[in-house]
Each structure stands twice: as C-alpha cells, then as structure tokens.
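A.B. asks: First the structure, then my questions, so here it is.
Derivation of every value follows stated rules applied to the coordinates shown; laboratory data play no part. Note that the coordinates shown come from a computational prediction; the quantities given were computed from them, not determined experimentally. Glycine gets a Cβ as well: all are built from the backbone with ideal geometry, and neighbour counts include every protein chain shown.
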Number of protein chains: 2
Amino acid sequence: MKTLLLVEDAQDLAQLIIRELKADGYEVLYAPDGVEALRLHEEQRPALVILDWMLPRMDGLEVLRRLRQQAPTPVLMLTARSEETDRVVGLELGADDYLTKPFSMRELLARVHALLRRAELIQQMLQQDLARAERPLIDGPLCLDAQAHLVTLDGQPLDLSPTEFELLHLFLRSPGRAFSRAYLLDTVWGESYVGGDRSVDNTVLRLRKKLGALGEAIETVWGVGYRWRAHSPSRAGGEQ
Amino acid sequence: MKTLLLVEDAQDLAQLIIRELKADGYEVLYAPDGVEALRLHEEQRPALVILDWMLPRMDGLEVLRRLRQQAPTPVLMLTARSEETDRVVGLELGADDYLTKPFSMRELLARVHALLRRAELIQQMLQQDLARAERPLIDGPLCLDAQAHLVTLDGQPLDLSPTEFELLHLFLRSPGRAFSRAYLLDTVWGESYVGGDRSVDNTVLRLRKKLGALGEAIETVWGVGYRWRAHSPSRAGGEQ
DNA sequence: GATCTTTGTCGCAATTCTGTCGCAACCGCC
DNA sequence: GGCGGTTGCGACAGAATTGCGACAAAGATC
C-alpha cells in the first residue's frame with residue numbers, strides 16, 4: 001500500500017482529500033504546515049507529496065525547495081492562483097505537477113495516479129539501466145538475469161517471489177560477503193520498512209527450499225546474518 | 001476528433017472560422033497572437049495550424065519559423081496580400097498551404113481537409129519506413145510483420161486490436177525481458193495516458209485468448225509485470 | 001443515425017506472498 | 001553438561017496481486 005503526504009492548512013479541504021485518497025486505497029499522512037511536512041517526509045518517506053502553495057510557518061515554495069534536497073519524491077502542488085508565472089516558478093523548482101483550486105476529486109486522483117506511475121517508471125528505467133550493464137549473474141548451475149527478472153537452476157526456471165528475488169540478487173552480487181539482518185531489511189525491504197528479523201529468516205528459509213541442494217550456499221553467520229558461499233563448486237556435491 | 005489551432009487577431013473573422021470548423025467536427029484552439037500560439041502549440045500539439053500573416057506581438061513568419069523548430073505540424077497560412085513573392089517566402093519557410101483573404105469558408109474547409117489528409121499520409125509513410133527497417137518478427141508459429149501490420153498464427157491471420165498489436169509488437173521485439181505495467185502504459189498507451197494498471201491486465205488477457213495455446217508465452221512476472229517467454233535460452237536478455 | 005469494435009473500469013474469485021507465532025534445534029560459553 | 005540467546009521451520013492469516021467476466025463509454029464503420 002502506497003503512502004502519500006498531504007500538506008494543507010485548510011482543515012476541511014484536507015479532511016475531504018484524505019477521505020478520498022483513503023477510499024482509493026492509499027495510506028495518508030497529514031501535515032498542517034511546512035515544518036511538520038518536512039519532518040513527516042523525512043521520517044516516513046511517502047511515495048508522493050501533495051503540497052499546498054499557501055502555508056503557515058513556511059511557504060509552500062520553501063517547503064518544495066527543502067523537500068528536493070531530501071529526496072526526489074514527486075510533488076503535486078495545489079494553488080488558488082492560475083497565473084502562468086506561478087506555474088512556471090513551481091515547475092522550475094521541481095514540482096512534478098500542478099492543480100489549480102478549485103479542482104474535482106476525480107481530477108486529483110487522476111493526477112496522483114499519473115504521478116505515481118511516472119515515479120514507478122523512472123525507478124524501473126534506472127533499474128533497467130543497471131540491469132542492462134550487468135550480465136546475468138552465474139554461480140554454478142544457478143543463473144540470475146536481472147533484466148529478464150528470471151532465475152534458472154540447471155536450466156529450469158525458478159519461481160521466486162519478489163522479495164526472494166531481490167534477496168538472491170543481492171547475495172549473488174556480493175558472494176562471500178556477510179550481511180546483517182538490519183542491512184538486508186534496509187536494502188531488500190526498504191529503509192522505511194518496519195518489521196522483525198524473523199521476516200528475513202523466513203525469506204531465507206523459503207529461498208533455501210526453492211534452491212534445493214544449492215540452498216546450502218546461503219550460509220548462516222551466527223549472531224550476524226547470512227552470506228552467500230564464496231566459491232561454489234562447479235557441480236553440487238552428492239550431499240543432500 | 002482532430003484538434004486545430006487558429007491564430008488570428010481579428011476577432012470577428014476568428015469567430016466565424018471557429019464556428020465553421022467546429023460545425024465540421026474539429027476541436028479548435030484559438031490564439032489571438034503569436035506568443036499564445038506557440039504556447040498552445042507546444043502544449044496541445046494540434047494536428048494543423050491555421051496562421052494569419054499579420055499578428056500583434058509576433059509576426060506570422062516568425063511564428064512559422066518557431067513552429068517548425070517544435071514539430072512538423074502542417075501550417076495553412078492566411079494573408080491579405082496575394083503577391084507571389086509573399087507566397088514564395090511563406091512556402092519556403094515551410095508553410096504547407098496558403099490562402100488569400102478574402103476566402104470562402106468552403107474553400108478553407110477544403111484546404112484543411114486536404115492538408116490533414118496529406119499529413120496523415122506522410123505520417124503513415126514515416127511509420128512505414130520505420131517498420132520497413134524491421135524484418136518480420138517470428139516466434140515459432142507466430143509471425144508479426146510490422147510493415148504489413150499483420151500477425152499470423154500457424155499461417156492464419158490473427159485479428160488484433162491496435163492496442164493488442166502494439167503490445168505484442170513490443171513483447172516480440174524484446175523477448176525474455178520483463179516489463180513493468182508502468183513501462184507498458186508509457187510505451188504502448190503513451191506517456192500522457194492516465195489510466196489504471198488493470199488496463200494492461202485486460203489487454204494481456206485479451207491477447208492471451210487470441211493467441212490460443214501460445215498465450216502461455218506471455219508470462220506473468222509476479223509483483224512486476226509481464227514478459228514474453230524467451231525461446232532461445234542462449235541469449236539472456238532482450239536487446240534493442 | 002444504427003451497429004460494431006475497441007477499450008477502460010468494476011467487482012469478485014483465485015492465487016500468491018509475507019509477517020508472525022510457537023516450538024524445536026542449535027550455537028557458544030561458562 | 002547446563003544455560004541463555006539465536007536460528008530453523010511448519011502453520012496460519014491477512015494483505016497484495018492477478019485472472020477474468022461483465023458492462024459501458026467512446027470511436028469507427030457503414
């Protein structure tokens with residue numbers, strides 16, 4: 001479920017927007033002013049920010065400027081003025097889209113969807129670029145092709161869940177390196193994720209199962225975390 | 001419905017033309033001067049521009065020159081002078097046609113129709129050229145010929161909708177590569193499209209049905225999107 | 001202007017994923 | 001060998017994702 005941050009000082013409008021966004025399946029954080037907005041943004045890392053132009057304590061443009069220093073989170077600005085200069089200033093400072101009051105909830109939702117999709121696209125493009133530079137990762141009978149998002153074992157495709165795939169990807173990129181659970185949670189699950197270490201354990205468990213005999217390649221580093229065996233023998237031995 | 005842009009500072013004439021064009025089923029954008037014309041053109045990308053020679057703030061020829069830097073939109077110029085030199089200058093600068101005031105609405109419409117038809121033809125030829133560079137894409141019993149805009153399965157022609165065709169085309173150009181829904185929406189549907197992920201799902205569903213047994217070649221990449229099954233495992237990633 | 005095609009959306013079912021819990025097994029240490 | 005802490009692992013439930021039929025709106029065709 002995606003999390004959005006709404007920054008709007010008019011309480012009644014805010015309530016309306018929040019209700020609408022929640023009905024559409026989003027988690028909504030709310031900040032009545034810029035200071036609170038920056039705090040929430042840093043703490044929760046929402047997928048998108050809806051930012052009112054006029055705010056108490058800190059001007060919307062100033063908030064936008066500071067948000068941009070924190071992260072490339074997409075920003076949808078709301079304004080009462082439809083002057084072109086405003087639009088230009090907002091967009092130049094890095095707002096991704098722009099909505100003039102009054103607007104319909106339908107339109108707001110459409111813009112939110114579009115912005116989120118674009119953000120997703122950009123992320124995928126970046127990943128694709130990385131993946132393209134990367135040749136498929138091979139370790140004995142195992143092959144992970146990031147671009148195809150495909151893992152094969154002895155030539156047979158392996159059906160991995162997204163989390164399992166990301167974990168294996170990380171392991172294969174740095175065989176022999178030990179990863180703490182905290183690091184894995186940060187990297188694979190995302191830095192804003194809040195969950196227990198047992199999530200890691202279980203994903204490792206499931207991955208080991210799917211890897212069959214190769215599951216042994218994921219070694220437990222006692223008291224620390226896990227590690228992918230550095231030098232896999234060219235063929236898996238007879239042990240089971 | 002095609003969108004036209006009318007650039008004309010004489011209000012009464014403009015009103016007349018607008019009414020006439022709308023009655024003929026076009027969407028009409030209106031700019032009273034060159035600055036606004038360029039803005040609208042960039043923002044809305046009309047299919048054709050009707051441009052008056054004499055304009056406030058920016059001369060019609062200057063507008064034409066700048067339009068040409070933006071896009072190859074066909075331009076119909078209106079002028080009060082019938083001198084041949086003017087005609088030459090206008091056409092040299094890239095106006096596609098030319099109409100001398102006063103003119104009948106009947107004549108204007110005829111020219112608009114002709115220009116649009118020609119533009120469509122040109123665009124189609126460009127696409128043909130692009131398609132020609134590509135040889136037919138073949139995957140087992142399936143053959144997609146972009147030039148002929150034809151798909152055959154076991155030699156039988158397959159009836160695909162435009163969206164389905166584009167989607168299949170994209171898949172076959174990069175077999176084995178996983179595409180996110182966001183990427184597909186951007187590429188097949190267009191970046192300005194605002195719609196949900198389920199549109200992709202449904203087009204995939206319809207395509208799978210029409211492909212029959214080969215429908216299985218469209219693999220679901222869970223949590224990511226879709227991928228066309230790579231036939232030859234020797235090539236790991238799709239290249240394009 | 002009537003009809004057909006295309007295509008986006010909705011709703012529900014089916015599937016898959018994933019965090020948590022409980023308990024057993026295990027490790028290192030004293 | 002006992003002990004505290006850590007890990008393995010099966011089970012479960014809630015959440016997220018996808019499949020798919022139905023419907024309606026928009027556009028194309030005639």
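A.B. asks: Once the Cβ-Cβ distance between A:Asp33 and A:His113 is put in as r, and R0 is 25 Å, what FRET efficiency do you end up with, to the nearest 0.05?
C.D. replies: 0.40
A.B. asks: Evaluate Rg over Rh across the protein assembly as shown, taking Cα atoms for both radii and Kirkwood's formula for Rh.
C.D. replies: Expressed as Rg/Rh, it is 1.06.
A.B. asks: Now a separate question. Label position 7 Å from Cα toward Cβ: report the copy-to-copy distances for B:His149 in nm, one decimal, ordered from shortest.
C.D. replies: With the label placed 7 Å along Cα→Cβ, B:His149 yields 3.1 nm.
A.B. asks: Taking neighbour Cβ counts within 10 Å as the exposure measure, how do B:Asp96, B:Asp201, A:Asp52, A:Asp129 sort from fewest upward?
C.D. replies: A:Asp129, B:Asp201, B:Asp96, A:Asp52
A.B. asks: Run through the other copies and list how far each one's label point is from that of A:Pro102, in nm with one decimal, shortest first; the point sits 7 Å from Cα along Cα-Cβ.
C.D. replies: 4.6
A.B. asks: Something else now. Around B:Ala71, under 9 Å between beta carbons, what's the net of Lys plus Arg minus Asp minus Glu among the other residues? Intermediate results must be reported in sequence, preceding the final value.
C.D. replies: Numbers: positive: B:Arg45, B:Arg68; negative: B:Glu42.
Net of charged neighbours comes to +1.
A.B. asks: Still on this structure: Please get the size of the charge dipole for the stretch B:3-130, origin at its Cα centre, with Cβ charges of +1 on Lys and Arg and -1 on Asp and Glu, quoted in debye to the nearest 20.
C.D. replies: 180 debye
A.B. asks: Still on this model: Work through the residues other than B:Tyr183 whose Cβ is under 15 Å from its Cβ and net out their charges, Lys, Arg +1 and Asp, Glu -1.
C.D. replies: Here the count lands on 0.
A.B. asks: Let me ask something else about it. Pairs of Cα atoms under 8 Å, at least six residues apart: use those to get the relative contact order of chain B, whole percent.
C.D. replies: Taking the mean separation of contacting Cα pairs over the length of chain B, I get 12 percent.
A.B. asks: Let me ask you something else. Based solely on its DSSP helices, what 222 nm [θ] is calculated for chain B when runs of n ≥ 4 H residues each add -39,500 (n - 2.57) and the sum is averaged over all residues, nearest 500 deg cm²/dmol?
C.D. replies: Rounded to the nearest 500, the figure is -13500 deg cm²/dmol.
A.B. asks: Under a 10 Å cutoff between Cα atoms, tell me which one of B:Gly215, B:Gly196, B:Gly34 has the largest fluctuation in the Gaussian network model of chain B.
C.D. replies: B:Gly196
A.B. asks: If each residue's Cβ is checked for other Cβ atoms within 10 Å, how do A:Ile50, B:Ile18, A:Ile138 rank with the fewest at the top?
C.D. replies: A:Ile138, B:Ile18, A:Ile50
A.B. asks: List, in order, the whole-Hz ³J(HN,Hα) value for each residue of the stretch A:47-61 obtained from phi through the Karplus relation with A = 6.51, B = -1.76, C = 1.60 and θ = phi - 60°; use x for Gly and Pro.
C.D. replies: 7, 7, 10, 9, 10, 6, 5, 9, 9, x, 6, 8, 4, x, 5
A.B. asks: Would you kindly work out, in nm and rounded to one decimal, the distances from the label point of B:Ile122 to those of the same position in each other copy, ordered shortest first, with label points 7 Å along Cα-to-Cβ?
C.D. replies: 3.5
A.B. asks: Largest first, please: the extent of the C-alpha atoms of chain B along each principal axis, to the nearest Å.
C.D. replies: Reported extents, whole Å, longest axis first: 67, 32, 31.
A.B. asks: Which listed residue (B:Leu40, B:His231, B:His149) has the Cα farthest towards the positive end of the charge dipole for chain B, taking +1 on Lys and Arg C-beta and -1 on Asp and Glu C-beta about the Cα centre?
C.D. replies: B:His231
A.B. asks: How far is helix B:162-173 tilted, in degrees, relative to the longest principal axis of the Cα atoms in chain B, given as a value from 0 to 90 rounded to the nearest 10?
C.D. replies: Taking the Cα atoms of chain B, the angle to B:162-173 is about 60 degrees.
A.B. asks: Cut-off is 10 Å between beta-carbons; in what order do A:Phe103, B:Phe179 appear when sorted fewest neighbours first?
C.D. replies: Values: A:Phe103 12, B:Phe179 26.
Starting with the residue having the fewest Cβ neighbours, the order is A:Phe103, B:Phe179.
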